[in-house]
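Working notes, beginning with the structure itself.
Please treat every number below as a calculation from the coordinates, not as lab data. Note that this is a predicted model, so its numbers are computed, not measured. Cβ: placed from backbone, ideal geometry, glycine included. Neighbour counts: every protein chain shown.
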Amino acid sequence: MRERNRQSGFTLIELMIVVLIIGLISSIAIPVFGRALKKAHRAAVGASLTGLHKAMARYYADNGEFPTLDTTTFEPLVSGGYLESPEPLLSKFQGNNVLAYLDLGSIGWYMIVHPKGDVDSFMYVVDLSLGPLSMVHYDGVYWYHPQETPSGLVRLDGTPL
C-alpha cells in the first residue's frame, strides 16, 4: 500500500472561522473605541473651557466687571495674566474659532464653541445670573448634542440642568 504524504497546515474552514472571529471582535471594538475617543476629546475641551471660565471669574473678581473679550486673542485675559495663551484653547475648536461670545454686562456672559471632531455637539461656557431674586443662574461649562442630550443642555458630568 502507498502511504499518504501528510502535510501540516490549516484547512480553509479553520482559516475562515478565525477571520470571522476577528471580524466580530473588531465590529464590537471599533465603535467602542470611537465613543471613548470622542468622550476623551470632549473632556479635554471641557477642561480647557473650565480654565477659561476660571480666568473670567478671576478677572471679574479683580475688576468688578467681565471683560469685553476678543475671541481670537482672548485679550485682555492674556495680557492681564489670567490666561497663558489662546492657541491651546482655540486649537480644540472647529475652525480654530469661537462661534459666539456675548458680554451681557452686569448679568454675565456666555460663549459657544464647536469642538473639533464632535460634529453635532456644542459646548457652552456660561456665567449668567438674572439677578439676586432670580432662580436662573448658570455657572460653568455645559454641552449639547441633539441625539445624546435631546432634553437640552447638560453639565460635563452628564447631569441635566
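At 0.36 nm per residue, and after removing the present C-alpha to C-alpha distance, how many nm does the segment from Ile107 to Glu84 gain when stretched out fully? Don't skip to the answer; put the middle values down first.
Details: separation 23, 0.36 × 23 = 8.28 nm, distance 2.60 nm.
Contour length minus the Cα-Cα distance gives 5.7 nm.
If r is the Cβ-Cβ distance from Asp70 to Ile28 and R0 is 35 Å, what FRET efficiency results, to the nearest 0.05?
Numbers: r = 47 Å, r/R0 = 1.33.
After rounding to 0.05, the efficiency reads 0.15.
Whole-percent P(r), the range 84-157, all Cα pairs, 5 Å bins from 0: 3, 16, 21, 23, 19, 11, 5, 1, 0.
When each of the peptides 99-106, 15-22 is scored by how many other beta carbons lie within 10 Å of its residues on average, the order from highest to lowest is 99-106, 15-22. Bridging of Lys38 to lysines at a Cα separation below 19 Å is possible for Lys92, Lys116, once same-chain residues fewer than 8 apart are set aside.
Relative to the longest principal axis of the Cα atoms of the chain, helix 12-63 runs at roughly 10 degrees. Within the range 1-90, the chymotrypsin sites (Phe, Trp or Tyr not before Pro) that combine a DSSP coil assignment with at most 15 other C-beta atoms in a 10 angstrom radius are Phe10. Between the exposed loop cleavage positions of the chain, defined as trypsin sites (Lys or Arg not before Pro) in a non-H, G, I, E, B DSSP state with at most 11 neighbouring beta-carbon atoms within 10 angstrom, the longest gap is 7-161. For the chain, the Kirkwood hydrodynamic radius comes to 19.0 Å, computed from all pairs of different C-alpha atoms.
Label zone (Ala44, point 7 Å along Cα-to-C-beta; backbone nitrogen cut-off 20 Å) within the range 71-102: 84-99.
Here the gap between Asn96 and Gln147, fully extended at 0.36 nm per residue and compared with their Cα-Cα distance, gives a gain of 15.9 nm.
Report the relative contact order of the chain, percent, no decimals, based on alpha-carbon pairs under 8 angstrom and at least 6 residues apart.
Numbers: 200 pairs, mean separation 23.1, N = 161.
Relative contact order here is 14 percent.
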